[in-house]
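*Asks:* Okay, here's the structure, questions in a sec.
The values are calculated or read from the model by the stated rules, or taken from the named source; none is laboratory data. Since the model is a prediction, treat every value here as computed from it, not as a measurement. For neighbour counting, all protein chains shown are included, and Cβ atoms are generated from backbone atoms with ideal geometry for every residue, glycine included. Only protein heavy atoms, including side chains, enter the accessible area calculation; ligands, DNA and RNA are left aside. Shrake-Rupley method; radii C 1.70, N 1.55, O 1.52, S 1.80 Å.
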Amino acid sequence: MAQVDAKIETMYQEVLKRNPGETEFHQAVLEVLESLGPVVAKHPEYLERRIIERICEPERQIIFRVPWQDDKGKVQINRGFRVEFNSSLGPYKGGLRFHPSVYLGIIKFLGFEQCFKNSLTGLPIGGGKGGSDFDPKGKSDDEVMRFCQSFMTELYRHIGEHTDVPAGDIGVGGREIGYMFGQYKRITNRYEPGVLTGKGLTWGGSLVRTEATGYGATFFVNEMLKARKDSFDGKTCLVSGSGNVAIYTIEKIHQLGGKCVACSDSNGVIYDEKGLDLDLIKQLKEVERRRIEDYTKTHKHAKYIAKGNIWDIPCQVAMPSATQNEINGKDAATLVKNGCIAVGEGANMPTTPEGVKIFLDAKIAYGPGKAANAGGVATSALEMQQNAGRDSWTFEFTEKKLEDIMINIHRNCFDTAAEYGAPGNYVLGANICGFIKIANAMVAHGLV
Ligand code: NDP
Ligand code: 2IT
């Protein structure tokens, strides 16, 4: 075992050397590699064929200029990315993130995680991710449209139903997918719904895709609770963020009998001890695109804590749904001390390695993002299925499929963790289970 671990350590050192400065990518790689010692000990063929080294190297990385004009006629220049990470299980699949913090290291961490997440769904999708350092905040609809059109004017060459199928992520929702779809159609003269997911319901989108990540993450936590003979009933919950994932996480928590008392954005935290008013949040965020602070204009009893830390609020269930590394070691310790028994990650890699260790040592139910938030991409794959069959399914039918997928992911992670001698460790279960399927496909495909 020591020899195997030494080999994996060498691989990690090589990743550090080949990808300097990409700290989020390093973090995501280390977290997976740390789980793989017992797998390669059982499967020497993975070492011989250098599967791990190949998985850590994206198949293709595209970086491009995105010029556009703002409302004043001034020329603006952003950088666009698409990292096509691994296509052994299907066409590259993963979202696009528009946020000023985006650089290659963030897109690569997201693309890497996406490969294992997509493998866990059991559906035929490979892994990829893209985006731009464009900041949609404060931009007019027209500016967002011009940016999306320019972005797609390069991206269209690289994507396609059987090649690479982007979707949304931070800063990219139905509006942006619409503008990009329109431009793709115009350039190619093809009505090809299968090229993007998260589309509008009248032009190829799937019911439940909007809700899918939040609903799926909540189904996953529900399974973790059930495995401990517990449920959401009466639990006080925290959900960070107030975007797409946060909103539908809150909705499903309430449907399952939990009470969500706080959410946030990058400026502050809303605390409503009566339970969050989700209709108001939807109106503020989805319709009016305002800041969460405005919640207190309607509900005077609620508190807005500017620059506050949501994880200081006592809860039993925490569902981080904003961004990477939003829970550090200190936050994790506070959560555990305050009686938190379950954490389900709607966001990608929201917990730092120190935080993860605290959750695992405390033996609380901890569902890592690549398992817990897989419902979004899984429902994207269901959208692809409907597009391929020129079909559209009902809400109930699609939601049931999503729930079954999440139950399956939970079961597979749970069983794999037990099989590898770490019962209840969903990090190990998710990493190993996601990895093995990709590794076997890569072995089967030969050296490509
Ligand atoms: P949205 O853009 O809809 O919402 C993002 C939310 O997170 C906003 O409230 C935003 O606040 C907050 N946020 C974003 N960046 C930061 C930051 N650097 N610091 C503090 N707060 C921040 O994105 P989504 O809801 O789609 O995505 C949320 C998370 O879920 C991301 O980690 C994403 O990768 C992950 N995810 C999304 C999926 C999807 O289907 N959309 C699928 C699986 C995972 P503010 O408005 O102030 O920026
Ligand atoms: O992180 C993710 O899984 C997503 N942003 C969704 C990707 C998708 O293709 O639906």
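*Asks:* Taking Rh as the Kirkwood radius, which is the inverse of the mean 1/r over Cα pairs, what is the Rg/Rh value for region 282-401?
*Replies:* For region 282-401, the value is 1.07.
*Asks:* Count the DSSP beta bridges whose two residues both fall in the chain, then state the antiparallel fraction as a percent rounded to the nearest 5. Before the final figure, lay out the partial values.
*Replies:* On the way: 25 of 44 bridges.
If I count the DSSP bridges inside the chain, around 55 percent turn out antiparallel.
*Asks:* How much of SER264 can a 1.4 Å solvent probe reach, expressed as accessible area in Å² and rounded to 10?
*Replies:* Taking all protein chains as shown, SER264 has close to 10 Å².
*Asks:* Related question: Can you give the accessible area of THR351 in Å² (nearest 10), computed on protein heavy atoms with a 1.4 Å probe?
*Replies:* Spelled out: THR351, probe radius 1.4 Å, area about 10 Å².
*Asks:* Okay, next question. Which whole-number percentage describes the relative contact order of the chain, with Cα contacts under 8 Å and a sequence gap of 6 or more? Could the numbers behind the result be given before it?
*Replies:* Details: 899 pairs, mean separation 68.3, N = 448.
15 percent.
*Asks:* If you average 1/r across every pair of different Cα atoms in region 157-262 and take the reciprocal, what Kirkwood value do you get, in Å?
*Replies:* Details: mean 1/r = 0.0641 Å⁻¹.
One over the average 1/r among Cα pairs gives 15.6 Å for region 157-262.
*Asks:* In region 78-237, carbon and sulfur make up what percent of the accessible area (probe 1.4 Å)?
*Replies:* Numbers: 2430 of 5190 Å².
Exposed carbon and sulfur together represent 47 percent of the surface.
*Asks:* Under the rule of at least 5 residues apart or a separate chain, name every residue whose amide H is placed under 5 Å from the amide H of CYS260.
*Replies:* Those lying under 5 Å, H to H, from CYS260 are CYS237, LEU276.
*Asks:* Taking 2.2 N^0.38 Å as the expected size of a compact globular protein, what ratio does the Cα radius of gyration of region 245-300 give against it, to two decimals?
*Replies:* This ratio for region 245-300 stands at 1.04.
*Asks:* Okay, moving on. What number do you get for region 351-448 when its Cα radius of gyration is normalised by 2.2 N^0.38 Å, N = residues?
*Replies:* On the way: Rg = 16.3 Å, N = 98, 2.2 N^0.38 = 12.6 Å.
For region 351-448, the normalised Cα radius of gyration comes out at 1.30.
*Asks:* Taking the Cα centre of region 287-411 as origin and charging only Cβ (+1 Lys, Arg; -1 Asp, Glu), how large is the dipole, in debye to the nearest 20? It would help to have the intermediate numbers written out before the result.
*Replies:* Numbers: 16 positive and 15 negative charges, 73 e Å.
Charge dipole, region 287-411, about its Cα centre: 360 debye, nearest 20.
*Asks:* Run the reach check for LYS363 against lysines, Cα to Cα strictly under 28 Å, same-chain hits fewer than 8 apart removed. What comes back?
*Replies:* Here the lysines satisfying the reach criterion relative to LYS363 are LYS42, LYS117, LYS226, LYS229, LYS235, LYS252, LYS259, LYS330, LYS337, LYS437.
*Asks:* Right, another one. Using only the Cα atoms, what convex hull volume per residue in Å³ does region 111-167 have? Write out the running numbers ahead of the final one.
*Replies:* On the way: hull volume 6.1 nm³, N = 57.
With only Cα atoms used, region 111-167 gives 106 Å³ per residue.
*Asks:* Also, quick follow-up: Can you list the aspartates and glutamates whose alpha carbon sits under 16 Å from that of LYS285, skipping same-chain ones fewer than 8 residues off?
*Replies:* Cross-link targets: ASP141, ASP169, GLU176, GLU211, GLU251, ASP265, ASP277, GLU293, ASP294.
*Asks:* A further question follows. Mind ranking TRP203, TRP393, TRP311 by accessible surface for me, highest first, 1.4 Å probe?
*Replies:* Highest to lowest solvent-accessible surface, that is TRP203, TRP393, TRP311.
*Asks:* Suppose only helical runs count, i.e. DSSP H with n ≥ 4. What mean residue ellipticity at 222 nm does that imply for the chain under -39500 (n - 2.57) per run, divided by all residues and rounded to the nearest 500 deg cm²/dmol?
*Replies:* On the way: 18 runs with 215 residues, N = 448.
Value at 222 nm, helices only, nearest 500: -15000 deg cm²/dmol.
*Asks:* Keeping all protein chains in place, calculate the accessible area per residue for the chain (probe 1.4 angstrom), answer in Å².
*Replies:* Numbers: 18270 Å² over 448 residues.
For the chain, the per-residue accessible area is 41 Å².
*Asks:* If you split all Cα-Cα distances of region 89-198 into 10 Å bins from zero, what percentages do you get per bin, shortest first?
*Replies:* Cα pair-distance distribution for region 89-198, in percent: 15, 48, 32, 6.
*Asks:* Let me ask something else about it. What value does region 13-138 have for Rg/Rh, both radii from Cα atoms and Rh as Kirkwood defines it? Mind showing how you got there, number by number?
*Replies:* Values: Rg = 16.8 Å, Rh = 15.8 Å.
Expressed as Rg/Rh, it is 1.06.
*Asks:* With a sphere of radius 14 Å drawn around the Cβ of GLY111, what net charge do the other residues whose Cβ falls strictly inside it have (Lys, Arg +1; Asp, Glu -1)?
*Replies:* Working: positive: ARG60, ARG82, LYS93, ARG97, LYS108, LYS117, LYS129, LYS370; negative: GLU22, GLU24, GLU57, GLU59, GLU84, GLU113, ASP164, ASP169.
So the surrounding residues net to 0.
*Asks:* How big is D, in µm² s⁻¹, for the chain by Stokes-Einstein at 25 °C and 0.890 mPa s if Rh is the Kirkwood radius over C-alpha pairs?
*Replies:* 111
*Asks:* Give me the mean projected area, in nm² to one decimal, of the convex hull enclosing the Cα positions of region 224-327.
*Replies:* Values: hull surface 25.8 nm².
About 6.4 nm², averaged over all directions.
*Asks:* Among residues other than GLY204 whose Cβ falls under 12 Å from its Cβ, what is the net charge (Lys/Arg +1, Asp/Glu -1)? Provide the component values of the computation, followed by the final result.
*Replies:* Working: positive: LYS185, LYS199, ARG209, ARG390; negative: GLU161, GLU192, GLU383, ASP391.
Charge balance near GLY204 sits at 0.
*Asks:* Another question about this same structure. What percent do you get for the relative contact order of region 310-396 when only Cα pairs under 8 Å and 6+ apart count?
*Replies:* On the way: 127 pairs, mean separation 23.3, N = 87.
Relative contact order for region 310-396 comes out at 27 percent.
*Asks:* Can I ask one more? Give me Rg/Rg_expected for region 142-209, where Rg uses Cα atoms only and Rg_expected = 2.2 N^0.38 Å with N residues.
*Replies:* Values: Rg = 11.0 Å, N = 68, 2.2 N^0.38 = 10.9 Å.
Working it through for region 142-209, the quotient is 1.01.
*Asks:* Taking θ as phi - 60°, what are the ³J(HN,Hα) couplings along region 438-448 by the Karplus curve (6.51, -1.76, 1.60), each to the nearest whole Hz, with x for Gly and Pro?
*Replies:* Once θ is set to phi - 60°, the couplings for region 438-448 become 5, 4, 5, 5, 5, 4, 5, 7, x, 7, 10 Hz.
*Asks:* If we count every other residue with Cβ under 14 angstrom of PRO423's Cβ, Lys/Arg +1 and Asp/Glu -1, where does the sum land?
*Replies:* In short, +1.
*Asks:* So which trypsin sites (Lys or Arg not before Pro) in region 157-201 end up in coil per DSSP with only 16 or fewer other C-beta atoms within 10 Å? Walk me through the numbers on the way to the answer.
*Replies:* Values: sites: ARG157, ARG175, LYS185, ARG186, ARG190, LYS199; in loops: ARG157, ARG190, LYS199.
Taking region 157-201 and a limit of 16 other Cβ atoms within 10 Å, the loop trypsin sites (Lys or Arg not before Pro) found are ARG157, ARG190.
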